1. Filtering region 49-75 down to residues that are under 18 Å from Ala126 (Cα atoms) and over 18 Å from the mean Cα position of the chain (by Cα), which residue is surrounded by the most Cβ atoms within 10 Å (Cβ to Cβ)?
2. From Gly170, Gly139, which residue is surrounded by fewer than 19 Cβ atoms within 10 Å (Cβ to Cβ), in contact (Cβ under 8 Å) with a residue 12 or more places away in the chain and in a loop (DSSP other than H, G, I, E, B)?
3. Let me confirm something: among Ala218, Ala164, which residue is in a helix (DSSP H, G or I), without any contact (Cβ under 8 Å) to a residue 60 or more places away in the chain and out of contact with any Leu (no Cβ under 7 Å at 6 or more places or on another chain)?
Amino acid sequence: MPQLRYAPLRRLVFTWALLLFMPLAPAWGAMSDGHSNAGQRLWATPVDTTFNLYRMQPDLYRSALPNAVQQGELQRLKIATVINFYQRSDSEWLSDPGIRQIHQPLHADRVDDADVLQALRSIRQAQADGPVLIHCKHGQNRTGLIAAMYRIVYQGWSKQQAIAEMRGAGFGGQERFEDAERYVREVDLARFHQALASGACSTSPWAYCALRDKLLDALNE
């Protein structure tokens with residue numbers, strides 16, 4: 001009989017608790033879902049889609065190959081350094097002497113750890129002077145690979161999160177992501193971080209750059 005007496009009260013308390021916590025359920029789901037809208041807000045945001053220009057963070061942008069007209073957009077953003085992964089030089093369109101040019105041409109189907117280490121170091125060093133733009137021809141494959149590795153190495157993203165942005169943030173060209181995605185999935189992050197911290201040019205002592213440096217050191221002794 002006492003249980004019957006308190007049953008309506010229990011139902012009332014349960015109902016109020018359900019109403020109170022129901023609005024929090026979507027938020028909890030979003031926090032546990034790597035592909036949620038909350039996670040997507042960390043993705044690069046569009047600035048000028050006419051040349052695939054996106055902001056990754058306040059001092060880092062990514063794009064396709066700009067032209068002379070779009071140079072004004074870079075000046076407005078106070079870009080201090082342009083790092084080019086495309087084969088053609090930026091001197092063909094970039095005439096502002098106040099914007100530093102770094103040319104590191106890449107082929108996504110042949111990229112190795114030495115290439116990526118060099119690119120990431122260039123970005124970090126250039127950021128000390130102001131905002132940086134990284135680009136290739138389309139702003140998708142080569143730029144996407146380096147952007148993904150920047151997210152992983154310097155911002156602590158997982159490989160899955162970086163690849164999700166590469167494919168889902170609106171850069172286009174998903175049919176060309178196979179090589180870039182393969183590198184990101186297969187890179188040995190422990191060895192990569194070790195090489196980055198030590199100043200090594202590659203994760204392998206047998207890489208061309210490592211053998212070249214050893215030869216130069218031997219010749220200089």
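1. Leu74
2. Answer to the check: Gly170.
3. Within the list Ala218, Ala164, the selection yields Ala218.
Every number here is computed from the coordinates shown, using simple stated rules; none is lab data. Note that the structure is a prediction, hence the values are computed from the model and not measured. Methodologically, a virtual Cβ is constructed for each residue, glycine included, from the backbone with ideal geometry; neighbour enumeration extends over all protein chains shown.
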